[in-house]
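The values are calculated or read from the model by the stated rules, or taken from the named source; none is laboratory data. Keep in mind it's a predicted model, so treat the numbers as computed, not measured. Glycine also receives a Cβ, built like all others from the backbone with ideal geometry; neighbour counts cover every protein chain displayed.
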Amino acid sequence: MLKPDPRDNDRLIRVYPSSWAMVRALEVWGSREALQAELERKHAIRTRRLAKVRRGPRFFMMRPAETAAVGQRAVMTALMANAAITLAKLFAFAATGSGTVLAETLHSLGDTTNQALVAFGVSRSSKLADAQHPYGYQAEQYVWSLVSAVGIMFLGCAVSVGHGMQALIHPQPLGDKASLIGATCVIGFAGVLEAYSFLVALHEVRREASKSGSSVFDYVKHGSDPVNVGVLLEDGAAVLGAGVAATCLGLCVATDSSVFDALGSISIGLSLGGVSFALIAKNRRLLLGQSMGKRKVNALRTLLESERSVRGIHDLKTVTVGPGISRFKAEVHFDSTQLALFYLKEGANQQQLVDSYKSAAAATDCNIQLQLLFLATSSLQGMLIAAEIDRLETLIITRFPEIRHVDIEPF
């Protein structure tokens with residue numbers, strides 16, 4: 001039988017079932033006892049040789065070209081924008097002492113720190129698989145995105161709400177109107193940069209959602225990409241916060257009251273709390289091992305059940321192992337009759353099967369004939385199942401490119 005060379009897909013090599021090799025071996029050694037003794041002798045020699053060889057484990061895994069780029073553009077844009085915005089807001093707070101401006105400054109500082117953590121996670125996730133992590137490091141994005149979300153909760157939400165409550169209980173005088181107007185202009189400038197970063201993240205989310213065949217809303221809610229979604233939600237909250245801050249500062253200038261400043265700080269803090277809760281829940285779900293979704297799981301089941309060689313599917317499971325990367329596992333009940341018909345229909349290598357039956361018929365002992373016939377049919381059945389598993393794995397990866405690891409076991 002001709003099969004692709006495992007080291008070179010463009011080259012074919014000839015392989016033989018073990019039953020055919022057994023037929024030739026029995027002809028050479030005369031009996032099963034003599035053959036078994038020779039096998040044990042060679043096994044002992046090979047064991048002694050291998051004991052002297054020390055080899056470390058090596059893993060060969062192609063790095064998906066798109067994995068390292070998922071979220072990279074959005075997070076770097078957000079990182080640079082937030083760093084510039086933080087400095088501008090810090091000067092505005094120093095000039096006004098406004099709680100709303102402080103909340104926005106802390107918001108931007110938290111965003112900058114969090115985006116740096118997420119960028120670190122993106123960099124770590126592009127590492128190749130090794131002996132300790134055979135499925136790669138893509139889940140690093142989930143870990144650092146979770147750390148980022150917790151940072152938003154405490155540095156953004158808790159501090160902003162706490163400062164706003166304190167300003168309501170113990171009002172403090174604001175700066176003069178000129179400084180408040182200047183702070184409003186700074187907030188407006190920050191809002192423009194945040195809006196640009198938001199649009200970049202939205203473009204990336206739309207692109208990834210289109211690749212996965214889902215809507216933007218479904219991708220944000222159920223997708224496996226924490227980076228683009230995190231930047232999108234954080235920048236959305238930042239644009240909203242900039243609008244709230246500018247409005248509250250304008251009301252402070254118009255009414256000469258610091259109450260609006262305190263309310264603005266509390267509102268911004270609460271919006272950050274909502275974003276952090278959403279991101280924590282999303283990354284927790286991904287770290288626990290999220291399925292590909294009911295629609296795709298049903299599509300996978302339908303794809304396999306439509307094959308004539310498949311009689312049934314058992315224990316079908318999918319799990320996300322990284323952004324845009326999933327693992328598939330199923331136990332398949334194959335129809336042995338259909339596999340045999342496929343083999344006969346192809347008409348390839350059937351002469352070797354005929355030769356094995358002729359060799360069995362030529363044996364003088366009836367028991368040896370039966371044993372050789374049983375070995376020939378069993379080995380052929382195993383080869384047919386293995387070839388069908390290879391074909392189904394290729395079919396699954398072709399139809400669902402996000403599936404990188406396929407494990408099919410005969411039921």
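State which residue is nearest to Ile152 (Cα to Cα) when the search covers only the stretch 225-255 and only residues that are more than 37 Å from the chain's Cα centre (by Cα) and surrounded by fewer than 24 Cβ atoms within 10 Å (Cβ to Cβ).
The initial filter retains those residues of the stretch 225-255 that are more than 37 Å from the chain's Cα centre (by Cα), namely 245-255.
The next check asks that each one be surrounded by fewer than 24 Cβ atoms within 10 Å (Cβ to Cβ); those that pass are 246-247, 250-251, 253-255.
Values: Ala246: 21, Thr247: 23, Gly250: 26, Leu251: 27, Val253: 29, Ala254: 32, Thr255: 32 Å.
Ranking the candidates gives Ala246 first.
Looking at Glu140, is it among the charged types (D, E, K, R), in contact with a Gly (Cβ under 7 Å, 6 or more places away or on another chain) and over 23 Å from Phe260 (Cα atoms)? Answer is yes for this residue. Residue count for the stretch 284-324 under the criterion of being in a helix (DSSP H, G or I) and either among the charged types (D, E, K, R) or within 30 Å of Met165 (Cα to Cα) (or both): the result is 7. The C-beta contact set for the stretch 121-143 (first residue outside any loop (DSSP other than H, G, I, E, B), second residue surrounded by 16 or more Cβ atoms within 10 Å (Cβ to Cβ) and acidic (Asp, Glu), distance under 6 angstrom, 6+ apart or interchain) comprises Gly121/Glu140; Arg124/Glu140; Ser125/Glu140. When restricted to residues that are in contact with a Lys or Arg (Cβ under 7 Å, 6 or more places away or on another chain) and within 24 Å of Leu102 (Cβ to Cβ), the stretch 257-305 contains 0. Screening Ser326, Ser258, Ser306 for residues that are farther than 24 Å from Thr112 by Cβ and loosely packed, with under 15 Cβ neighbours inside 10 Å leaves exactly one candidate, Ser306. Picking from residues in the stretch 329-350 that are among the hydrophobic types (A, V, I, L, M, F, W, C) and either part of a strand (DSSP E or B) or surrounded by fewer than 12 Cβ atoms within 10 Å (Cβ to Cβ) (or both), the one that is modelled with the lowest pLDDT is Ala348. Go through the residues of the stretch 150-160 one by one and say whether even a single one is touching a Phe, Trp or Tyr at 6+ places or on another chain (Cβ under 8 Å) and modelled with pLDDT under 85. So far as the stretch 150-160 goes, yes, one or more of its residues are touching a Phe, Trp or Tyr at 6+ places or on another chain (Cβ under 8 Å) and modelled with pLDDT under 85.
Condition first: charged (D, E, K, R) and closer than 17 Å to Pro171 by Cα. Now tell me which residues in the stretch 233-263 satisfy that. It would help to see each step written out before you state the result.
So in the stretch 233-263, the residues charged (D, E, K, R) come out as 234-235, 256, 261.
Result: Asp256, Asp261.
So that you can scan it fast, the table gives a plain yes or no per residue for (1) closer than 23 Å to Leu270 by Cα; (2) surrounded by fewer than 21 Cβ atoms within 10 Å (Cβ to Cβ); (3) more than 16 Å from the chain's Cα centre (by Cα); (4) assigned by TED's automatic domain parsing to the domain that holds Ile403:
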{"position": "Gly136", "(1), (2), (3), (4)": "no, no, no, no"}
{"position": "Gly164", "(1), (2), (3), (4)": "yes, no, yes, no"}
{"position": "Arg206", "(1), (2), (3), (4)": "no, yes, yes, no"}
{"position": "Ala209", "(1), (2), (3), (4)": "no, yes, no, no"}
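Report yes if some residue within the stretch 65-74 is assigned to a helix (DSSP H, G or I), modelled with pLDDT of 80 or more and crowded, with 23+ Cβ neighbours inside 10 Å; otherwise report no. Yes, some residue in the stretch 65-74 is assigned to a helix (DSSP H, G or I), modelled with pLDDT of 80 or more and crowded, with 23+ Cβ neighbours inside 10 Å.
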